[in-house]
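What follows is one structure encoded as structure tokens, with my remarks underneath.
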Amino acid sequence: MENSSQATPESVWAAFRETDKRIKELAEQQAENNRILTEQQAENNRILTEKQTETDRLIKDLARQVGGASSSNGLFAEDYFFNSFEKGQKNFFGETFDDVKKNLKNFWQGLEDEYDIVLYNHDAAAIIEVKYRARISDIPDVLKKPKTFRILFPNYQNFRFYLGLASMSFDTKVEEECKNQGIAIIKQVGDKIVIYDENLKTF
């Protein structure tokens, strides 16, 4: 008896055609899946970009606000201490100063510096660096002031210089380091300006 399941050329071709059809269907489905995935990735990237842009904007706004507040605090401290000196507190550091200036700036051959408050007489000057809150990292900046001042204002080359750090508040150990370096400590105590200059050095 002839086996009815025996393959024939017609059945083989039919199987090939069916397989080819399935392969094409699978390829089309894969292409559709890839299209959908690409669209989803593009949409996700768009959303992430928008969120990142908004985050960057918020960070910049916050930085401007913080910077503005810090600048305002610094200006307030400068005015506060300058006005105190201007009202007559000139007899300290063992000297009587004839005048007081603020925000002195100069530039020469690539060197530029600014001095918050400067008191002076005929042979001595006191440079006061003002911070709203004094930190230990401020001290090296204070110590370099006499050197740059003598370069930028050569008429003062032979003057004695005194240094002071004025602040509304001091971080821990800043006052101790000021004393070690011979820098006067100038701060608000109640409604008065108090100057600690027992360990003062000339520069």
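The values are calculated or read from the model by the stated rules, or taken from the named source; none is laboratory data. Source: prediction; values computed, not measured. With ideal geometry, Cβ positions are generated from the backbone for all residues, glycine too; neighbour counts draw on all protein chains shown.
Summary of computed values
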quantity	calculated
Subset of region 136-153 (residues that are out of contact with any Leu (no Cβ under 9 Å at 6 or more places or on another chain) and surrounded by 15 or more Cβ atoms within 10 Å (Cβ to Cβ))	150
Check on residue 194, of a type outside the set (Ser, Thr, Tyr), surrounded by fewer than 19 Cβ atoms within 10 Å (Cβ to Cβ) and either modelled with pLDDT of 95 or more or not in a helix (DSSP H, G or I) (or both)	yes
Exclusive hit being at pLDDT 95 or above and either out of contact with any Asp or Glu (no Cβ under 6 Å at 6 or more places or on another chain) or surrounded by fewer than 15 Cβ atoms within 10 Å (Cβ to Cβ) (or both), set 177, 86, 95	177
Residue in region 139-156 that is over 20 Å from residue 94 (Cβ atoms), touching a Lys or Arg at 6+ places or on another chain (Cβ under 6 Å) and not hydrophobic (A, V, I, L, M, F, W, C) present	no
